[in-house]
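Notes to accompany the following structure.
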Amino acid sequence: MRPGCVTGAGLRPAAKAAEPPPDPTARLRQRDWLRRRVRMCYWKQWRYVRTKVRNLLALGTFKRQAILTALSSKSYWHLSRTLATQSGMTNEWLHRQGLISVRDLWMKAHGYA
């Protein structure tokens, strides 16, 4: 018998038996990462400073924050987590734009919602 092929009376891989319990915060980090990535893509799509300021103001961001963020030379990834982008591109706004919640899909598939 090869080591690691059988554990106990059942036929399960040893790696599965030794797998740690799922990390509850891992799903939250993944969800937050996905939202940040989508914000980054919108920020990159807007391209010009004038477009960024106009869109942030339309989404309800304060004028000063919108201008300072749009003029910043930091990377798209860093700017996707600023006060201006998160107050303008809220989670509710992302949902209205069509971002699907993986958690909601999982709950619907398993009959919880």
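The values are calculated or read from the model by the stated rules, or taken from the named source; none is laboratory data. Predicted model only: the values in this text are computed from it and were never measured. Cβ sites come from the backbone with ideal geometry, for glycine too, and all protein chains shown count toward neighbours. Keep in mind that these areas ignore ligands, DNA and RNA; they rest on the heavy atoms of the full protein, side chains included. Shrake-Rupley method; radii C 1.70, N 1.55, O 1.52, S 1.80 Å.
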Subject >> Segment residue 74-residue 30, length gained on full extension (0.36 nm per residue, minus Cα span) >> reply: 13.5 nm
**OP:** Kindly report the accessible area of segment 32-102 per residue (heavy atoms of protein chains, probe 1.4 Å, no ligands, DNA or RNA), in Å².
**Re:** 68
Original post:
For segment 71-113, what log10 I(q)/I(0) values come out of the Debye formula at q = 0.22 1/Å, with one point per alpha carbon and no solvent?
Top reply: -0.79
Original post:
Once both labels are modelled 7 Å past Cα along the beta-carbon direction, what's the residue 110-residue 23 spacing in nm?
Top reply: 1.9
Original post:
How far apart, in nm, are the 7 Å Cα→Cβ label points at residue 63 and residue 101?
Top reply: 3.6
Original post:
Hey, if we sort 46, 106 by accessible area with the 1.4 Å probe, largest down, what's the order?
Top reply: 106, 46
**OP:** Using a 1.4 Å probe over the heavy atoms of the protein chains, calculate the carbon and sulfur portion of the accessible area of segment 24-103 as a whole percent.
**Re:** 54
Subject >> Distance (nanometres) between label positions extended 7 Å along Cα→Cβ at residue 44 and residue 91 >> reply: 2.4
